[in-house]
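**Student:** Here it is, the structure, as structure tokens.
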Amino acid sequence: MIKPTFLRRVAIAALLSGSCFSAAAAPPAPPVSYGVEEDVFHPVRAKQGMVASVDATATQVGVDILKEGGNAVDAAVAVGYALAVTHPQAGNLGGGGFMLIRSKNGNTTAIDFREMAPAKATRDMFLDDQGNPDSKKSLTSHLASGTPGTVAGFSLALDKYGTMPLNKVVQPAFKLARDGFIVNDALADDLKTYGSEVLPNHENSKAIFWKEGEPLKKGDTLVQANLAKSLEMIAENGPDEFYKGTIAEQIAQEMQKNGGLITKEDLAAYKAVERTPISGDYRGYQVYSMPPAILRRDPYRTNPQYSGKLRYEEIRLWQRRCDANHGRSGEIRLRRPLGISWRPGFCQSPVAGTDQ
């Protein structure tokens, strides 16, 4: 889901992404009518490699890395950094995530770089004075920000499984932030729908994503000078710049000034973790996903590490339902029931300080 991610990461994203608006020289343009629900996308095939992401400009970055001789991990990390520029709704340096990697020899590994709750986080920090969940605290305040894992996770993946240096794979993202890109339908729609709820309350974010008193529109050019500088510093100095250097100091100062909990100690202590993925059989295919929940201080409503186990259980449920509905031909008819099958898992997922 985009909405919670977009809102709760706005503080760190704003700090890293200070911007200006200009007629940048030939910024990348989005594909025609990209990002609207009624678009029809047709399957594509490739013989040697393929890149897919939520944003076409970032996807092209990955394709270019493959063409230059990089492997899948090089491309994935390059796309991830590009999304920090072109898809601020979710793909930013202030976030985190997971990565599944399959090597040539058939080994599969999982990298966990989900955000971590700061050391000062408490069980009731998202409750109001009456003990009720406060969505403003958990979604739009500095209190909602977890210690970011993106930079650490990308660096771990690249160092262990990539072939290109960090400054090489970060370069395309740096150029996109420095030179700008054309805002597409997807970003414009999210800024209008979700950004209008929170951006007016955060001047730094408003300066980035607003123009002439309103959210950016499709066709506007977004140049993010401070984000370009942050990316340049990470490319030159590695992840320590983000977790122990100037960027870390700026994040800690921003948090202290605005009621957040992240400290320099939280940032310095953050580590991405490599884990053994879960796996299971589906119609003769081996399916891999993130392992079940591991005890980590997660500041959010649910622990996404729980989702790997849920996904495999959903796949098994789907197969049973398909078999009961005339085999594979039933799969198309059962896509909606599969979506419904996700609900019980999320109802049972860990809850921390909210009613969801």
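**Student:** Tell me which residues, restricted to the range 136-167, are of a type in the set (S, T, N, Q), in a helix (DSSP H, G or I) and surrounded by 16 or more Cβ atoms within 10 Å (Cβ to Cβ). First the steps, then the outcome.
**Tutor:** First, pick out the residues of the range 136-167 that are of a type in the set (S, T, N, Q): 138, 140-141, 145, 147, 150, 155, 163, 167.
Within this subset, residues satisfying the condition of being in a helix (DSSP H, G or I) are 138, 150, 155, 167.
Residues satisfying the conditions are 138, 150, 155.
**Student:** List the number of the failed condition for residue 180; all other conditions in (1) surrounded by fewer than 17 Cβ atoms within 10 Å (Cβ to Cβ); (2) on the phi > 0 side of the Ramachandran plot; (3) not β-branched (Val, Ile, Thr) hold.
**Tutor:** (1)
**Student:** Next question, about the same structure. Assuming residue 64 fulfils every condition listed in (1) buried (at least 24 other Cβ atoms within 10 Å of the Cβ); (2) modelled with pLDDT of 95 or more apart from one, which condition is it?
**Tutor:** (1) is the only condition that residue 64 fails.
**Student:** Considering only residues that are surrounded by fewer than 21 Cβ atoms within 10 Å (Cβ to Cβ) and touching a helix residue (DSSP H, G or I) at 6+ places or on another chain (Cβ under 8 Å), which ones fall in the range 238-259? Walk me through how you get there before you give the answer.
**Tutor:** Residues of the range 238-259 that are surrounded by fewer than 21 Cβ atoms within 10 Å (Cβ to Cβ), as a first pass: 238, 240-241, 244-246, 249-250, 252-254, 256-259.
If the condition is that a residue be surrounded by fewer than 21 Cβ atoms within 10 Å (Cβ to Cβ) and touching a helix residue (DSSP H, G or I) at 6+ places or on another chain (Cβ under 8 Å), then 238, 241, 244, 245, 246, 249, 250, 252, 254, 258, 259 are the ones that fit.
**Student:** Please name all residue pairs, on different chains or six or more residues apart, with Cβ atoms under 8 Å, provided the first residue is in the range 193-219 and is surrounded by fewer than 17 Cβ atoms within 10 Å (Cβ to Cβ) and modelled with pLDDT under 80 and the second residue is of a type outside the set (Lys, Arg) and not in a loop (DSSP other than H, G, I, E, B).
**Tutor:** So the pair list comes out as 196/215; 197/7.
**Student:** Kindly establish whether residue 174 is of a type in the set (A, V, I, L, M, F, W, C), within 25 Å of residue 239 (Cβ to Cβ), in the same structural domain as residue 270 (by the TED database) and more than 16 Å from the chain's Cα centre (by Cα). Can you show your working first?
**Tutor:** Working: of a type in the set (A, V, I, L, M, F, W, C): yes; within 25 Å of residue 239 (Cβ to Cβ): yes; in the same structural domain as residue 270 (by the TED database): yes; more than 16 Å from the chain's Cα centre (by Cα): yes.
Here the answer is yes, as residue 174 does meet what is asked.
**Student:** Then there is this: Before we move on, is residue 126 crowded, with 22+ Cβ neighbours inside 10 Å and either under 30 Å from residue 69 (Cα atoms) or of a type in the set (Asp, Glu) (or both)?
**Tutor:** Details: crowded, with 22+ Cβ neighbours inside 10 Å: yes; either under 30 Å from residue 69 (Cα atoms) or of a type in the set (Asp, Glu) (or both): no.
No, not satisfied.
**Student:** Run down 139, 199 and say which single residue is in contact with a strand residue (DSSP E or B) (Cβ under 7 Å, 6 or more places away or on another chain) and within 30 Å of residue 124 (Cα to Cα).
**Tutor:** Details: 139 fails: in contact with a strand residue (DSSP E or B) (Cβ under 7 Å, 6 or more places away or on another chain).
Step by step, each of 139, 199 is checked, and only 199 is in contact with a strand residue (DSSP E or B) (Cβ under 7 Å, 6 or more places away or on another chain) and within 30 Å of residue 124 (Cα to Cα).
**Student:** Right, here's the next one. Filter the range 256-273 down to residues that are over 22 Å from the mean Cα position of the chain (by Cα) and not in a helix (DSSP H, G or I) and give me whichever is nearest to residue 126 (Cα to Cα).
**Tutor:** 259
**Student:** Of the conditions (1) surrounded by fewer than 12 Cβ atoms within 10 Å (Cβ to Cβ); (2) touching a Leu at 6+ places or on another chain (Cβ under 6 Å), residue 41 clears all except one; give me its number.
**Tutor:** For residue 41, the failing item is (2).
So that you can scan it fast, the table gives a plain yes or no per residue for (1) more than 20 Å from the chain's Cα centre (by Cα); (2) farther than 30 Å from residue 135 by Cβ; (3) among the aromatic types (Phe, Trp, Tyr):
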| site | (1), (2), (3) |
| --- | --- |
| 199 | no, no, no |
| 212 | yes, no, no |
| 236 | yes, yes, no |
| 239 | no, yes, no |
| 246 | yes, yes, no |
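**Student:** Go over the candidates 251, 278, 234 one by one and state the one that is in contact with a Pro (Cβ under 9 Å, 6 or more places away or on another chain), modelled with pLDDT of 95 or more and not polar (S, T, N, Q). It would help to see each step written out before you state the result.
**Tutor:** Working: 278 fails: modelled with pLDDT of 95 or more; 234 fails: in contact with a Pro (Cβ under 9 Å, 6 or more places away or on another chain).
The match here is 251.
**Student:** Being closer than 21 Å to residue 142 by Cβ and either surrounded by fewer than 17 Cβ atoms within 10 Å (Cβ to Cβ) or at pLDDT 95 or above (or both) narrows it down to one residue among 224, 171; which is it?
**Tutor:** Values: 171 fails: closer than 21 Å to residue 142 by Cβ.
One residue alone meets the criteria, 224.
**Student:** Taking the criterion of being in contact with a strand residue (DSSP E or B) (Cβ under 9 Å, 6 or more places away or on another chain) and in a helix (DSSP H, G or I), would at least one residue in the range 168-175 satisfy it? Talk me through it step by step, then tell me what you get.
**Tutor:** If we filter the range 168-175 for residues that are in contact with a strand residue (DSSP E or B) (Cβ under 9 Å, 6 or more places away or on another chain), which is where we start, we get none.
No, the range 168-175 contains no residue that is in contact with a strand residue (DSSP E or B) (Cβ under 9 Å, 6 or more places away or on another chain) and in a helix (DSSP H, G or I).
The values are calculated or read from the model by the stated rules, or taken from the named source; none is laboratory data. Every value quoted in this text rests on a predicted model; they were computed, and no experiment measured them. Every residue, glycine among them, receives a Cβ derived from its backbone with ideal geometry; neighbour counts consider all protein chains shown.
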